[in-house]
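The values are calculated or read from the model by the stated rules, or taken from the named source; none is laboratory data. Because the structure is a prediction, the values reported are computed rather than measured. Glycine gets a Cβ as well: all are built from the backbone with ideal geometry, and neighbour counts include every protein chain shown. Just so you know, the surface numbers come from the protein's heavy atoms only, side chains and all, with ligands and any DNA or RNA stripped out. Shrake-Rupley method; radii C 1.70, N 1.55, O 1.52, S 1.80 Å.
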Amino acid sequence: MKRAELRIYLGYAAGVGKTFSMLGEGHRRLDRGTDVVVGFVETHGRPLTAEQLGDLEVVPRRTLVYRSGDFDEMDLDAVLARGPQVALVDELAHTNVPGSRNEKRWQDIDELLNAGISVISTVNVQHLESVNDVVERITGVKQRETVPDSVVRAADQIELVDMSPYSLRRRMAHGNIYPPEKIDAALSNYFREGNLGALRELSLLWLADRVDDSLQDYMRARGIEGPWETRERVLVAMSGRGDDDSLIRRAARMAVRRGGDLIAVHVIPEDGLSPSAALDANRTLVASLGGSFQEVVGRAVPEALLEVARAENATQVVIGASSGSRWRHLARGSVVAQVIRDSGPIDVHVISQARQEAHQPLRSGRPPTLPRTRRTAGAALAVAGLVLLTALISISPESVGLSGILLLYLTLVVVVAAVGGWWPAITSAILASLCINYFFTPPVHTLTISEAKNILALVAFVAVAVIVSWLVDRAERLRAAAQRGGAEAEALARLAGGLVSDPDPLPGLVEQLRTTFGFDAVSVLRRDGEGWEVEAGTGVGAPATPESGSEQINLGEDAVLVLRGQRLEAEGRRVLTAFAAQLSFVVRSRMLQRDADEAAALIEVNELRSALLAAVSHDLRTPLASIKAAASSLRQQDVQWTEADVAEFLATIEEETDRLGSLIANLLDMSRIQTDALALVRRRVGLDEVVPLALASLPNRGHGIDVDVAESLPRVEVDAGLLERAIANIIGNAVAWSPPEHPVSVLASSAGDRVELRVVDRGPGIAPADRERVFQPFQRMGDRSSGGVVGVGLGLAVAKGFVDAMGGSLAMEETPGGGLTVVMGFEAAG
């Protein structure tokens, strides 16, 4: 049975409208007469999505019992038995409840497709396996449910359901995605505008790569050789010399002017090594210019370069003018000329470069077999040289003599050996001996030799020619081997350098391994329970399991290096083994660092918990005890309290309740700061508006505090509520430590484009070494303030967190004459 078609609606976050679009497509197909059923749709309680179901036929779900709970899953057997033309199945990456036939829903969908039932499904970009780690770094949330990229890429149609982050947040705020009790937390965490923007860009980039793959498949299927100029792609060829930087910058300018992509390519010989140390600087330069860097393996530079250009659908190739001599071009061929000759519809730009004699990078050793171009050149030289030399000597052979003729032909054989290697030289030696015998050895114009000494001379000539040819060829091979050894040392030195300079070298090492040896894809996998987790991967369809690669190398610590592509010869495996050893070291270091981070996080949590318990055990108990004592006294029936006594008890209850409320508010604020859950509502306000509100929130309503905040000061763009809380905490702390005879002063001023608020007290002050520490949670400088009250040590920490979140600064200075001045600064609103 022919496999049916799969269509996927891809989104970057919940609520963009994937399920709604899927149901809409189901209605359109139903109206056209297609047999459509709903295999599984999750409305998440959204009225509009439930309404969109309309009159679509819904296959009843199957209920499974797991851990004393009932769970609904798609009834795969019922859908197969129903046999519709199209099934709508939501949430492609969903993990089925244990007891289901398949572990994942995409496996259920695969069965439907194999049964000839077309499927329309949905998935979010964060559930794609290849970008799962990127999404975790962006959002701080690890997605447990993932789907292999190959499943999504294999879909016949992928449609992006897009919406701006601003519009999505508005939908969230209006209650169209989550219930009201979850809205604030979602907007403050996962649905922050920065997170959504990054996820949106990630989905667009992923889909663009898939579209590019589809375009290349289309071109290959129809035999289209030339590039399609859907987008300008400028490919720059790098030789590995130090003067490549000017060539790269020139190509980058061309790409920018045309709004295209920059691709830098360095072709390395088939031994798989890149010998130039200048490549590291060039790689960094390409990255800084927004381009991509590739190293490919190829016997001939022009062929490999054009192969990459066609694979990347490049429209232009930028290459530096060759600095070699004309004789070298005649002997070995010109890379530039061959690229121009074989480029076809790809435009080639040849850029002149100044020669750099001071630094000549080490050139790679050639493979043991000389390139075909050199062998061909040697053969051509042998034929042309023999014809020309024979013709010249034939003019006056007596004046040269047989010994001179032998030396001239021997010289030609040596030149052929240097150019074309062993076999062209042997062939030319045999042909030369025949020419000497036929044209210059009596009797001439026959292959007969009348004199024995001439036979000996010809035999000696052939022997010397063979020996010299072998020595020249062997010297060439030894030179190549020596250069290869030097190149190996340099490659390994750069490998070690990358380990030292990069804080997380694993992704870079994996990419370097793939490009250096020309593998299609490379992954480092780590065993995670019963499955495998991708530590780092590169290449199209990077292997997600050891079985999906062509070769595996054990790295220890439940880690494996998976390679897909060519198999290396023994010589190339020496460097591959070095790569594997370094990867093993990096994987172990990464795992140790992960364990250390977890341990540090646990230590920090334990320290905060201990500090919180120590502080709260006292600071919660004290106001509660006062409230309890006052309330119990008021309830006593055997004591007649005067009105003054009752008023005092009520005042105590009110003051201690305010104190308790302030403590709890600070605890909640600190929790919001540490979880990055602050939702800012910025607007332009004046400090003259905020400071009075902050004073009014203090226990004594700010009485006795000197305030000098002018109305003419520039306004600042902040969250007024958070700013009020920060100012109140700072003033409250100053009041608690300042002697009664020296009131606290609140002063505001502006200088240039900056507005500052100073809270000045005459208390004991804080030593310079301790001023940063007081902004940490649960830090108390001393046992008791001037008012006899000790706080939980959160006031200044909360104020610091609020001010930092609003883009301001908070610092401490010594008050002239003794005391402490806290300075809060913001940029003036334009």
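Scanning segment 43-61 for residues that are at pLDDT 90 or above, surrounded by fewer than 17 Cβ atoms within 10 Å (Cβ to Cβ) and closer than 15 Å to D72 by Cα returns V58, P60, R61. Just one of the listed residues (G787, G763, G795, G808) is modelled with pLDDT of 75 or more and closer than 17 Å to I705 by Cβ, and it is G763.
The residues on offer are V616, V605, and the sole one that is β-branched (V, I, T), open to solvent by 60 Å² or more (accessible area, probe 1.4 Å) and modelled with pLDDT under 65 is V605. If you go through segment 291-315 and keep only what is farther than 18 Å from G344 by Cα and modelled with pLDDT under 80, you end up with E295, V296, V297, G298, R299. Residues that are open to solvent by 40 Å² or more (accessible area, probe 1.4 Å), at pLDDT 85 or above, of a type in the set (K, R) and assigned to a helix (DSSP H, G or I) occur in segment 193-205; there is at least one. Touching a residue at least 40 places away in the same chain (Cβ under 8 Å) and surrounded by fewer than 12 Cβ atoms within 10 Å (Cβ to Cβ), is that true of G39? It is false that G39 is touching a residue at least 40 places away in the same chain (Cβ under 8 Å) and surrounded by fewer than 12 Cβ atoms within 10 Å (Cβ to Cβ). Scanning segment 112-153 for residues that are surrounded by fewer than 17 Cβ atoms within 10 Å (Cβ to Cβ) and under 30 Å from L80 (Cα atoms) yields a count of 6. Among the residues of segment 634-671, the ones that are at pLDDT 85 or above, surrounded by 13 or more Cβ atoms within 10 Å (Cβ to Cβ) and either under 30 Å from L796 (Cβ atoms) or of a type in the set (S, T, N, Q) (or both) come to 2 in all.
When the residues of segment 235-278 are filtered to those that are closer than 14 Å to H349 by Cβ and at pLDDT below 80, the one that is least open to solvent (accessible area, probe 1.4 Å) is G260. Only one entry of V707, V735, V716 meets the criterion of being under 27 Å from G817 (Cα atoms) and buried (at least 22 other Cβ atoms within 10 Å of the Cβ), and that entry is V735. Looking across segment 801-818, the residues that are open to solvent by 30 Å² or more (accessible area, probe 1.4 Å) and more than 43 Å from the chain's Cα centre (by Cα) come down to E814, P816, G817. Here is the figure for segment 509-542: residues that are part of a strand (DSSP E or B) and of a type in the set (A, V, I, L, M, F, W, C) total 7. Checked against the criterion of being over 38 Å from the mean Cα position of the chain (by Cα), under 17 Å from D156 (Cα atoms) and modelled with pLDDT of 90 or more, the candidates Q107, Q85 yield just one match: Q85.
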